[in-house]
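Have a look at the structure below, then the notes.
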């Protein structure tokens, strides 16, 4: 009887402890990502910088698919830069595949999310990527570590691996679409 109880406790520990480790990892990644964004915020992002990081992210996803997601989050990620970050979502299902600041969004359908002005921002990003392959979208979103929304403009681009499509995006605050068009010579 005592042996069965001990075996039962061991089995419970083997199932509970890995679950706790995953929860701790998600919490650490979130805080690590936020800390990285804050630590890099003194560098002002440029239009070219955002496009370069998204293009690099697309290259990695095209080669590695979902296996590359860990490279986009945490305190050491090169994809958290100048106070901003890259996220990845599905243009077909609306699933947030990887959000380094808000891992609670991962696995959720973000298509119904509206910004403070009512814009279906992810639907618009999907449209831009499906129609043009890439482009800029403006909307309101909280800065890393904040709750109040601010104006944000994001560059989004389509990636594909193993028949699965991905929208790779990165945005900046305090830059307008007019500033972006000027920087791109439009």
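With the checklist (1) more than 22 Å from residue 58 (Cβ to Cβ); (2) surrounded by 13 or more Cβ atoms within 10 Å (Cβ to Cβ); (3) modelled with pLDDT under 95 in hand, flag the one item residue 141 doesn't pass.
(1)
Of all residues in the range 70-91, which are more than 22 Å from residue 141 (Cα to Cα) and out of contact with any helix residue (DSSP H, G or I) (no Cβ under 7 Å at 6 or more places or on another chain)? Spell out how you get there, then give the answer.
In the first step, residues of the range 70-91 are kept if they are more than 22 Å from residue 141 (Cα to Cα); the result is 70-71, 76.
If the condition is that a residue be more than 22 Å from residue 141 (Cα to Cα) and out of contact with any helix residue (DSSP H, G or I) (no Cβ under 7 Å at 6 or more places or on another chain), then 70, 76 are the ones that fit.
Check the range 148-161 and report whether any residue there is modelled with pLDDT under 95, in contact with a helix residue (DSSP H, G or I) (Cβ under 9 Å, 6 or more places away or on another chain) and surrounded by fewer than 18 Cβ atoms within 10 Å (Cβ to Cβ).
no
Which residues, taken from the range 45-67, are in a helix (DSSP H, G or I) and buried (at least 18 other Cβ atoms within 10 Å of the Cβ)? Walk me through it before giving the result.
Here is the first cut: in the range 45-67, the ones in a helix (DSSP H, G or I) are 47-67.
Result: 47, 50, 51, 53, 54, 57, 58, 60, 61.
I'd like the residue in the range 72-95 that is over 19 Å from residue 130 (Cα atoms) and surrounded by fewer than 18 Cβ atoms within 10 Å (Cβ to Cβ) and, out of all such residues, is modelled with the lowest pLDDT. Before you say what the answer is, go through the steps one by one.
To start, the set of residues in the range 72-95 that are over 19 Å from residue 130 (Cα atoms) comprises 72-85.
Right, trim to surrounded by fewer than 18 Cβ atoms within 10 Å (Cβ to Cβ) and you get 75-76, 78.
Details: 75: 88, 76: 91, 78: 95.
Only one residue tops the list, namely 75.
In the range 147-176, what count of residues is obtained for those that are within 27 Å of residue 60 (Cα to Cα) and in contact with a strand residue (DSSP E or B) (Cβ under 9 Å, 6 or more places away or on another chain)? Reasoning before the result, please.
Taking the range 147-176 as the starting set, the residues that turn out to be within 27 Å of residue 60 (Cα to Cα) are 152-173, 175.
Right, trim to in contact with a strand residue (DSSP E or B) (Cβ under 9 Å, 6 or more places away or on another chain) and you get 152-160, 165-173, 175.
Matching residues across the range 147-176 total 19.
How many residues does the range 100-118 hold that are closer than 25 Å to residue 133 by Cβ, crowded, with 19+ Cβ neighbours inside 10 Å and in contact (Cβ under 8 Å) with a residue 24 or more places away in the chain?
So the count comes out to 1.
Do you know which residues across the range 90-132 are part of a helix (DSSP H, G or I) and touching a strand residue (DSSP E or B) at 6+ places or on another chain (Cβ under 7 Å)? Working first, answer last.
Within the range 90-132, the first condition is being part of a helix (DSSP H, G or I), and the residues that meet it are 103-105, 121-132.
Of everything in the range 90-132, those that are part of a helix (DSSP H, G or I) and touching a strand residue (DSSP E or B) at 6+ places or on another chain (Cβ under 7 Å) turn out to be 105, 121, 122, 124, 125, 126, 128, 129.
The values are calculated or read from the model by the stated rules, or taken from the named source; none is laboratory data. Computed from a predicted structure; not experimentally measured. Note: ideal-geometry Cβ built from the backbone for every residue, glycine included; neighbour counts use all protein chains shown.
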